[in-house]
1. Strictly greater than 25 Å: what percent of every Cα pair in the chain meets that?
2. Under DSSP H, which helices of the chain have Cα atoms covering 24 Å or more of the helix axis and a Kyte-Doolittle average no less than -1.0?
3. Efficiency by 1/(1 + (r/R0)^6): what FRET value for residue 97 and residue 216, r their Cβ-Cβ distance, R0 = 30 Å, to the nearest 0.05?
4. How much of the DSSP bridge set in the chain is antiparallel, in percent, rounded to the nearest 5?
5. Grab the DSSP H runs of the chain that are 4 residues or longer, score each as -39,500 (n - 2.57), total them, divide by all residues and round the 222 nm result to the nearest 500 deg cm²/dmol.
6. Just to be sure I understand: with springs between alpha-carbon atoms less than 10 Å apart, which residue in 263, 222, 90 has the highest mean-square fluctuation in the Gaussian network model of the chain?
7. Give the order of 216, 136, 8, 122 when sorted by the count of other beta carbons within 10 angstrom, beginning with the fewest.
8. If we count other beta carbons within 10 Å of each Cβ, what is the order of 243, 10, fewest first?
Amino acid sequence: TIILGLESSCDETAAALVTADGRILAHRLATQEEAHRPYGGVVPEIAARAHVEALAPLIEAALTDADMTLDQVDVIAATAGPGLIGGVMVGLVTAKALAHAAGKPLIAVNHLEGHALSPRLSDRTLQFPYLLLLVSGGHCQILLVRGPGDYARLATTIDDAAGEAFDKTAKLLGLGYPGGPQVEKAAAQGNPKAVPLPRPLLGTAEPHFSFAGLKSAVMRAVQSGQYSKPDIAASFQQAVIDCLIDRTRRALTQADGMTALVVAGGVAANQAIRAALEQLAADHGLPFVAPPLWLCTDNAAMIAWAGAERFAAGLIDDLTVPARPRWPLDPAAEKARGAGV
Ligand code: ATP
Ligand code: MG
Ligand code: FE
């Protein structure tokens, strides 16, 4: 079984071909970073237009890489949300057209499920259920991953996402967009103890994350003129690590029967964060699983793979399935906390 996956929910357009047993036959990606850089963040209108231009050639290129025609593809999967709705629609409508024209089943993939299941693509021995720290540009959550479409959310952010905090810190430090990798690079040259910064919610009974106060403290540190950029970056990154580790350690007490501690999403590309989580897992006698860096940030291989997992579970979608700007993995938990978190 061969799955074509499409991704277009943010500023990466991507197409990939993956087999049901986890072989990546082709993966192509076009980033729009240059187009958005002058604005210091993603401009939805520019993103949607760029997806329209990039997607068809990427699909062609992926098929060529795999030496294959659309007829040989068995399943079409595309991100159907959450994300910037204009971009999501480009990928989903394209997938619907291909599925309809070629008579193939369509799978509407939740982008977060793409991130959540990506560790099973890179490590085929990883079994359900596992404890997942999902840290990306728009999300910061701890989830029990029980299977495709079966998630229990233990924690989420009450304000900013972890990646958002990295991006805002990069902007405050004048390090440009996208911010995560730049902050990590600067942090490597700095002293993580140089700047006193808060660790919001650390040690509280509350399971959730908060990063807005940290961002404000970074702004004050920048404005004080007292600290170097590398010292601020290193101190910020350490504060984020301390929060992620504290909250994940707390969640581990509710994680009986989990096979592993797993991290996914763009922020999981950060080496210092990976190292801290690896140590935490070791302290709890659990295996630690993190996808390779390219599979952490947005890509279509993870969407094709989520499509493979859902197809195997019989979760096929109708051609009328909508694009969704918001789409929680655990709707019950979202409802319990109220809209916005
Ligand atoms: P979501 O998946 O929540 O919809 P997204 O798709 O925009 O959001 P991803 O592509 O998964 O997010 O991740 C991008 C985020 O990861 C950005 O905020 C970026 O700054 C952050 N990021 C990427 N690399 C690193 C790194 N090395 N260190 C820290 N953060 C990083
Ligand atoms: Mg991106
Ligand atoms: Fe993402």
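Bear in mind these aren't lab numbers, they're just calculated from the coordinates by the rules spelled out. Remember, predicted model here, so these are calculated numbers, not experimental data. Don't worry about glycine lacking a Cβ; one is built from the backbone with ideal geometry, like all the others, and counts go over all protein chains shown.
1. Summing the P(r) of the chain above 25 Å gives 51 percent of all pairs.
2. Numbers: long enough: 44-65 (30 Å, 0.53); 85-102 (25 Å, 1.48); 229-252 (34 Å, -0.01).
Within the chain the helices that satisfy the rule are 44-65, 85-102, 229-252.
3. Numbers: r = 46 Å, r/R0 = 1.54.
Result of the calculation: an efficiency of 0.05.
4. Working: 25 of 41 bridges.
So the antiparallel bridges amount to about 60 percent of the total.
5. Working: 12 runs with 149 residues, N = 341.
That comes out to -13500 deg cm²/dmol.
6. Answer for the Gaussian network model of the chain: 222.
7. Numbers: 216 12, 136 24, 8 35, 122 20.
By the 10 Å Cβ count, ascending, the order reads 216, 122, 136, 8.
8. Working: 243 23, 10 26.
So the residues, fewest neighbours to most, are 243, 10.
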